[in-house]
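The values are calculated or read from the model by the stated rules, or taken from the named source; none is laboratory data. The structure presented is a predicted model; accordingly, all values stated were derived computationally and were not measured. Ideal geometry is used to build each Cβ from the backbone, glycine not excepted, and the neighbour counts take in all protein chains shown. Each accessible area value is taken on the protein alone, full model and side chains, heavy atoms only, with ligands, DNA and RNA left out. Shrake-Rupley method; radii C 1.70, N 1.55, O 1.52, S 1.80 Å.
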Amino acid sequence: MILKELKGEYCNITLRSDDVLEITTFKDVEYDDSQTAIVMRDILSITEGKQYYLLILSGQYSNITAESMQTLAGPLAMSYAIAKAYVINSPAQRIMANFFLSNLKPDKPVKFFLSQEKAEEWITSLKSAV
């Protein structure tokens, strides 16, 4: 069940009743610090200080700068997350995922998947472990 929805400038955000915040980024966008700040502002407006399991569905051929990836691993971006599951679908996104996993050390679980189904399974396994 959908509790809240926000159609933003750079993504659509859906707060689901299962404590999952689903974020669908737009296709063909290079997310730099400016766009990332807008996305985070939108997420913070929906989460209202609460934490959720994030399911981030990456838009086809979208990418993110290394600086913005660091921002997404930082304290503010992790403040609204229990865990983050990214669904990626392009070679460029895989490169950034490898960069994230090898260079950044977020304080919450973060994992990258090639399918939404596998990402949802991982989130479900995290919830059942609590």
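Data for the structure
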read-out: Boolean, E117 is at pLDDT 95 or above, within 25 Å of K4 (Cβ to Cβ), more than 15 Å from the chain's Cα centre (by Cα) and surrounded by fewer than 13 Cβ atoms within 10 Å (Cβ to Cβ); value: yes
read-out: Filter result for the condition that a residue is touching a helix residue (DSSP H, G or I) at 6+ places or on another chain (Cβ under 9 Å), basic (K, R) and closer than 23 Å to V130 by Cβ, over K50, K4, K118, K105; value: K4
read-out: Failed condition for S102, given (1) of a type in the set (S, T, Y); (2) in contact with a strand residue (DSSP E or B) (Cβ under 8 Å, 6 or more places away or on another chain); (3) without any contact (Cβ under 8 Å) to a residue 60 or more places away in the chain; value: (2)
read-out: Residue check, T14 open to solvent by 20 Å² or more (accessible area, probe 1.4 Å) and touching an Asp or Glu at 6+ places or on another chain (Cβ under 7 Å); value: yes
read-out: Residue, farthest from R16 (Cα to Cα), within region 30-56, restricted to residues that are surrounded by 19 or more Cβ atoms within 10 Å (Cβ to Cβ) and aliphatic (A, V, I, L, M); value: V39
read-out: Of all residues in region 73-89 being farther than 20 Å from K127 by Cβ and not β-branched (V, I, T), the one that is most open to solvent (accessible area, probe 1.4 Å); value: P75
read-out: Qualifying position, being in contact (Cβ under 8 Å) with a residue 12 or more places away in the chain, in contact with a strand residue (DSSP E or B) (Cβ under 9 Å, 6 or more places away or on another chain) and within 18 Å of I38 (Cβ to Cβ), among S68, S90; value: S68
read-out: Some residue of region 62-72 being surrounded by fewer than 20 Cβ atoms within 10 Å (Cβ to Cβ), aliphatic (A, V, I, L, M) and farther than 21 Å from L44 by Cβ; value: yes
